[in-house]
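Trainee: Quick one: the structure is below, and I'll ask about it shortly.
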Amino acid sequence: MNEAELELFRRKLLRLRTDLQAIDKDSEEAERPVELDQARVGRLSRMDAMQGQQMAREAARRRQHRLRMIEGALRRMDAGDYGYCTRCGEEIDIRRLEFDPANAICIKCAE
C-alpha cells in the first residue's frame, strides 16, 4: 500500500470516528432511564419507552465497538502494521479495506 492510499484510509477512519462520536453525543437522551410514573404514562407507553431505551443502548454498544475497531486501525497505521491481517500477517485486499477501512483480518481468516 502506498502513502496516498494510506492517507486516504486515515482520513476515512477519522471521518468515521467523528461521525460516530457525534451520533453518540446526540443519542444520550434516548438512553436515560424510563420514568415509571403511572399517573403520567400508560402501561403500553412505558413498555414502548423501555423497548426504545433498550434499542438505544444496543445501538450505543455497537457504536462503541465500532469506535474501538477504528481506534485499533489508527494505532496499526501509526505502528506501520495497517493493511496486514492481525491473525495470519498476510496483506488485506485493498477492496476489503475500501469497503471497511477498520478491517483487521483478511477474507481467508474472516471465513
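The values are calculated or read from the model by the stated rules, or taken from the named source; none is laboratory data. Values in this document were obtained by computation on a predicted structure and should not be read as measured data. Cβ coordinates were reconstructed from backbone atoms using ideal geometry, including for glycine residues, and neighbour counts include every protein chain displayed.
Trainee: So, in the stretch 56-98, exactly how many residues are of a type outside the set (Gly, Ala, Ser) and within 14 Å of the chain's Cα centre (by Cα)?
Mentor: Of the stretch 56-98, the ones of a type outside the set (Gly, Ala, Ser) are 57-58, 61-71, 74-78, 81-82, 84-88, 90-98.
In the following step, the residues that additionally are within 14 Å of the chain's Cα centre (by Cα) were identified as 57-58, 61-71, 74.
Going through the stretch 56-98 one residue at a time, the tally reaches 14.
Trainee: Give the stretch 68-111 a look and list any residue that's among the basic types (Lys, Arg) and farther than 24 Å from residue 20 by Cβ, or say none. Even if it seems obvious, please write down each step before you answer.
Mentor: Residues of the stretch 68-111 that are among the basic types (Lys, Arg), as a first pass: 68, 75-76, 87, 95-96, 108.
Residues satisfying the conditions are 87, 108.
Trainee: Given the criterion modelled with pLDDT under 95 and under 26 Å from residue 111 (Cβ atoms), identify the matching residue among 1, 47, 55.
Mentor: Only one candidate qualifies: 1.
Trainee: For residues that are surrounded by fewer than 16 Cβ atoms within 10 Å (Cβ to Cβ), of a type in the set (Val, Ile, Thr) and more than 17 Å from residue 11 (Cβ to Cβ), tally how many sit in the stretch 70-111.
Mentor: Matching residues across the stretch 70-111 total 2.
Trainee: Additional query: Quick one: what pairs do we get from the stretch 51-71, first residue under 12 Å from residue 27 (Cα atoms) and free of Cβ contacts under 8 Å to residues at least 24 places away in the same chain, second surrounded by 13 or more Cβ atoms within 10 Å (Cβ to Cβ) and β-branched (Val, Ile, Thr), C-beta under 7 Å, 6+ apart or different chains?
Mentor: 53/34
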